[in-house]
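A short write-up of the structure that comes next.
Rule-based calculations on the coordinates, nothing more; no lab input. All values reported here derive from a predicted model rather than from experimental measurement. Glycine gets a Cβ as well: all are built from the backbone with ideal geometry, and neighbour counts include every protein chain shown.
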Amino acid sequence: MDVASTTSAQSSTTSTSTTKSTTSSGMADYNTFLKLLIAQAKNQDPTNPTDPAQYVQQFAALSQVEQSVSTNSKLDQIIASLDSLKTTTTAT
């Protein structure tokens, strides 16, 4: 089993599931990511272990996606507030 292909497959699976998440399910995606990371560490080739820098990159990517999801959620709230304000202003 090729460790590099397993790492990239798990990384893309994590990215895909994380981008589909909402704020309420963000913790579930984080737990899924950690489970995948632990499974990857347990099943790695002992003669060719995974570079720790790859783990750091995966954590950084997860953090960026979580921040993007949070930002999008907040922007949606702002847009809804502005639409509500516009409707109120137009009605008066």
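Descriptive notes on the structure:
- As a ratio to 2.2 N^0.38 Å, the alpha-carbon radius of gyration for the stretch 29-92 is 1.96.
- Gained length - residue 41 relative to residue 63, 0.36 nm times residue gap less alpha-carbon distance: 6.0 nm
- If R0 equals 41 Å, the separation of the Cβ atoms of residue 56 and residue 86 corresponds to a calculated FRET efficiency of about 0.40.
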